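J.: Sharing a structure here in structure tokens format.
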Amino acid sequence: MKTNEKNVLEEIKTPAKRKSSLTILEMIVFAMLGTIMFCSKIIMEVLPNIHLLGMFTMVFTIVFRKKALIPVYIYVFLNGLYSGFNLWWIPYLYIWTVLWGVTMLLPKNMSKKVAMCVYPVVCALHGLLFSTLYVPVQALLFRMDFPQILAWIISGLPFDAIHGAGNFCTGFLILPLSELLKKLWYRKI
């Protein structure tokens with residue numbers, strides 16, 4: 001390998017001495033991962049409230065930890081760009097962060113048997129609580145009182161049940177995909 005090519009590859013792999021600690025490779029990969037999240041959502045729209053977003057959020061968090069927020073917010077931005085930055089979009093600014101935060105709190109050294117049970121349950125709970133997580137912005141924007149908030153949550157329960165069941169099923173992909181992504185990522189180029 002020529003010296004020039006070697007220097008370019010080294011620059012891609014290692015962060016420069018600047019405030020941002022992202023490498024060029026990370027920027028490219030995170031952009032692709034956020035785009036994959038967005039494309040998967042568009043493809044899965046034929047099924048009501050069933051998607052891969054919770055699974056992807058957890059996989060990226062397990063592998064990239066704090067930096068997982070980058071592809072998640074790329075997805076959120078692309079979703080707003082595609083569907084319009086409207087009032088429905090505002091809760092997306094924090095809903096996926098809740099799942100990221102819960103995943104960050106999970107022990108890193110869980111056994112595979114425990115992880116295979118815990119990851120789908122956490123993913124399913126996020127789906128089940130989607131209306132509940134969504135309601136604070138609705139309550140503020142539309143001046144909802146407590147009975148209206150309860151009505152909002154209750155009316156969303158059938159959709160949240162489907163959402164939770166879908167997340168539970170896709171949650172079984174979290175462990176194998178995170179292990180695969182770790183192997184690919186830590187090998188890098």
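The values are calculated or read from the model by the stated rules, or taken from the named source; none is laboratory data. In this text the structure is predicted, and so the values were computed from the model without any measurement. Every residue, glycine among them, receives a Cβ derived from its backbone with ideal geometry; neighbour counts consider all protein chains shown.
J.: Which pairs do you get when a residue that is over 13 Å from residue 62 (Cα atoms), found in segment 172-189, comes within reach of a residue that is modelled with pLDDT under 95 and of a type in the set (A, V, I, L, M), reach meaning Cβ atoms under 7 angstrom, with the pair 6+ apart or on two chains?
T.: Every condition considered, the pairs that remain are 188/25; 189/9.
J.: Residue 49 fails exactly one of the following numbered conditions: (1) buried (at least 16 other Cβ atoms within 10 Å of the Cβ); (2) more than 27 Å from residue 168 (Cβ to Cβ); (3) at pLDDT below 95. What is the number of that condition?
T.: Among (1) buried (at least 16 other Cβ atoms within 10 Å of the Cβ); (2) more than 27 Å from residue 168 (Cβ to Cβ); (3) at pLDDT below 95, residue 49 violates only (2).
J.: Can you name the residue in segment 57-87 that is aromatic (Phe, Trp, Tyr) and under 12 Å from residue 30 (Cα atoms) and, of all such residues, is surrounded by the most Cβ atoms within 10 Å (Cβ to Cβ)?
T.: The residue in question is 60.
J.: For segment 71-106, how many residues meet the condition of being among the aliphatic types (A, V, I, L, M), closer than 21 Å to residue 142 by Cα and in a loop (DSSP other than H, G, I, E, B)?
T.: Looking only at that region, the number is 1.
J.: For segment 20-42, give me each residue that is farther than 15 Å from residue 83 by Cβ, part of a helix (DSSP H, G or I) and of a type in the set (A, V, I, L, M, F, W, C).
T.: 24, 25, 27, 28, 29, 30, 31, 32, 33, 36
J.: Looking only at residues in segment 68-120 that are of a type in the set (Gly, Ala, Ser) and farther than 19 Å from residue 39 by Cα, which one is nearest to the chain's Cα centre (by Cα)?
T.: 101
J.: With assigned to a helix (DSSP H, G or I), of a type in the set (Gly, Ala, Ser), closer than 30 Å to residue 186 by Cβ and in contact with a Gly (Cβ under 7 Å, 6 or more places away or on another chain) as the only criterion, which of 115, 124 stands out?
T.: 124
J.: Follow-up question, since we're still on this one. With respect to the numbered conditions (1) in a helix (DSSP H, G or I); (2) farther than 15 Å from residue 57 by Cα; (3) under 18 Å from the mean Cα position of the chain (by Cα), which one is the sole condition not fulfilled by residue 147?
T.: In the conditions (1) in a helix (DSSP H, G or I); (2) farther than 15 Å from residue 57 by Cα; (3) under 18 Å from the mean Cα position of the chain (by Cα), residue 147 misses (3) alone.
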